[in-house]
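The values are calculated or read from the model by the stated rules, or taken from the named source; none is laboratory data. Since the structure is predicted, the reported quantities are computational estimates derived from the model, not experimental observations. Neighbour counts are summed over all protein chains in view; Cβ atoms, including those assigned to glycine, are modelled from backbone coordinates with ideal geometry.
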Amino acid sequence: MTDISATRLDIALGFTIPARHARGRLVRIGPLLDTILAGHGYPPVIERVLAEALMLAALLGSTLKDEAGQLTLQAQAEGGVIDLLVADYKAGEMRGYVRFDADRLAEAPVDPSLFALFGKGYLAITFDQMVSGERYQGIVPLEGASLAEAAESYFGQSEQLPSLVKLSMRRLPDGRHIGGGMLIQHLPEGEEGRDRIHTRLDHPEWDHVRALAQTLTLDELTDISLEMDRVLWRLFNEEDEVRTLAAVPLSRGCRCNAEHIRSVIARFPTDERAEMADEAGEIHVDCAFCAIRFSLALESFAA
Ligand SMILES: [Zn+2]
């Protein structure tokens, strides 16, 4: 078996190809994915789609200029297996969960399409900039063959930002999960304040980059014997220059904790707080991301 201790996992690596006006991100996740999935006990189909959403969140989140910024993906859907999926990224910390119908999943095909999974649904992509306090949200229909394809069409159509997205997950024989993702985007000359790409008739530079990037297989994305810088070399070694940025470490993280929950509940009026408690005098608050329940004794709050 491949020794994965020598392979860098749980990182996002940014790169640019200056002469082609392209920028990209590669992500490889392992331990953080195992930690997130271990808390939930999802069936493999659900694990896969959550892994893809987490990688997409990491790819997009790590492009935020504001390092404390947050990126949230939320898929809401009707008529499929999944009715809610959330994955978010904040300063390298990732978390996510899925709400699904086990009976519908049992009736779904072994390798369900995006439509079988979500039915009629939308993916909301929300960028929160902490420094400026700005929030920006884009909404994309969950259409196409995969989450990656839905994200591509969002960037291509809504943002006029031609993009290529690849997402892949594999399960090692010992049960560990490896996720790999790639995002490449064409930034027309003068990324900001100039004409967007749709005002131009053709963009051969992008066609070239896209054709090269397309040759990366889903197996290679999760092949831990192939380091990420080797992936870049394998794709773009004939380009004049590929600049890599400092790798961003990724980890599993959630903002829930007993102290924070206590401070929120403490702000409620005494009578409302009493209504929250069960017969045993305990107030329960669930964190869907962590699949854990916080229980606080009503009497531990000042009357
Ligand atoms: Zn939590």
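What is the number of the single condition among (1) among the aliphatic types (A, V, I, L, M); (2) out of contact with any helix residue (DSSP H, G or I) (no Cβ under 8 Å at 6 or more places or on another chain); (3) assigned by TED's automatic domain parsing to the domain that holds Ala57 that Val242 does not meet?
(2) is the only condition that Val242 fails.
Among the numbered criteria (1) surrounded by 15 or more Cβ atoms within 10 Å (Cβ to Cβ); (2) within 16 Å of the ligand (Cβ to nearest atom); (3) within 21 Å of the chain's Cα centre (by Cα), which one does Asp223 miss?
Failed condition: (2).
For (1) of a type in the set (A, V, I, L, M, F, W, C); (2) surrounded by 15 or more Cβ atoms within 10 Å (Cβ to Cβ); (3) within 16 Å of the ligand (Cβ to nearest atom), each residue gets a yes or a no:
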position: Val98; (1), (2), (3): yes, yes, yes
position: Val110; (1), (2), (3): yes, no, no
position: Phe115; (1), (2), (3): yes, yes, no
position: Phe118; (1), (2), (3): yes, yes, no
position: Tyr122; (1), (2), (3): no, yes, no
position: Tyr136; (1), (2), (3): no, no, no
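Name the residues in the range 229-260 that are farther than 18 Å from Leu33 by Cα and either of a type in the set (Lys, Arg) or surrounded by 19 or more Cβ atoms within 10 Å (Cβ to Cβ) (or both), would you?
Of everything in the range 229-260, those that are farther than 18 Å from Leu33 by Cα and either of a type in the set (Lys, Arg) or surrounded by 19 or more Cβ atoms within 10 Å (Cβ to Cβ) (or both) turn out to be Arg230, Val231, Leu232, Arg234, Leu235, Phe236, Val242, Arg243.
For the subset of the range 155-203 comprising residues that are β-branched (Val, Ile, Thr) and modelled with pLDDT of 80 or more, which member is surrounded by the most Cβ atoms within 10 Å (Cβ to Cβ)? Working first, answer last.
So in the range 155-203, the residues β-branched (Val, Ile, Thr) come out as 165, 178, 184, 197, 199.
Okay, now just the ones that are also modelled with pLDDT of 80 or more, so 165, 178, 184.
Values: Val165: 24, Ile178: 24, Ile184: 27.
The extreme case among them is Ile184.
Could you please let me know if Asp229 is more than 16 Å from the ligand (Cβ to nearest atom), free of Cβ contacts under 8 Å to residues at least 40 places away in the same chain and among the acidic types (Asp, Glu)? Let's see the steps before the verdict.
Details: more than 16 Å from the ligand (Cβ to nearest atom): yes; free of Cβ contacts under 8 Å to residues at least 40 places away in the same chain: no; among the acidic types (Asp, Glu): yes.
No.
Could you please find all residues in the range 246-288 being among the β-branched types (Val, Ile, Thr) and more than 14 Å from the ligand (Cβ to nearest atom)?
Residues of the range 246-288 that are among the β-branched types (Val, Ile, Thr), as a first pass: 248, 261, 264-265, 270, 283, 285.
Those that are among the β-branched types (Val, Ile, Thr) and more than 14 Å from the ligand (Cβ to nearest atom): Val248, Ile265, Thr270, Ile283.
Suppose the filter is in a loop (DSSP other than H, G, I, E, B) and either under 25 Å from Gly30 (Cβ atoms) or within 16 Å of the ligand (Cβ to nearest atom) (or both); does Asp66 pass it? Walk me through how you get there before you give the answer.
On the way: in a loop (DSSP other than H, G, I, E, B): yes; either under 25 Å from Gly30 (Cβ atoms) or within 16 Å of the ligand (Cβ to nearest atom) (or both): no.
When the stated conditions are applied, Asp66 does not pass them.
For Leu50, indicate whether it is touching a Ser or Thr at 6+ places or on another chain (Cβ under 6 Å), modelled with pLDDT of 95 or more, closer than 30 Å to Pro173 by Cβ and not basic (Lys, Arg).
On the way: touching a Ser or Thr at 6+ places or on another chain (Cβ under 6 Å): no; modelled with pLDDT of 95 or more: yes; closer than 30 Å to Pro173 by Cβ: yes; not basic (Lys, Arg): yes.
No: the conditions fail for Leu50.
From the list Ala19, Ala77, exactly one residue is of a type in the set (Gly, Ala, Ser) and closer than 18 Å to Leu114 by Cα. Which is it?
Details: Ala19 fails: closer than 18 Å to Leu114 by Cα.
Within the list Ala19, Ala77, the selection yields Ala77.
Note down all Cβ pairs under 8 Å where the first residue falls in the range 91-105 and is at negative phi and not assigned by TED's automatic domain parsing to the domain that holds Lys65, the second is within 16 Å of the ligand (Cβ to nearest atom) and assigned to a helix (DSSP H, G or I), and they're at least six residues apart or on different chains.
Final answer for the pair search is none.
Would you please name the residue that is surrounded by the fewest Cβ atoms within 10 Å (Cβ to Cβ), looking only at residues in the range 66-92 that are acidic (Asp, Glu) and more than 11 Å from the chain's Cα centre (by Cα)? Before you say what the answer is, go through the steps one by one.
As a first pass, look at the range 66-92 and keep what is acidic (Asp, Glu): 66-67, 78, 83, 88.
The next check asks that each one be more than 11 Å from the chain's Cα centre (by Cα); those that pass are 66-67, 78, 83.
Numbers: Asp66: 14, Glu67: 12, Glu78: 10, Asp83: 18.
That would be Glu78.
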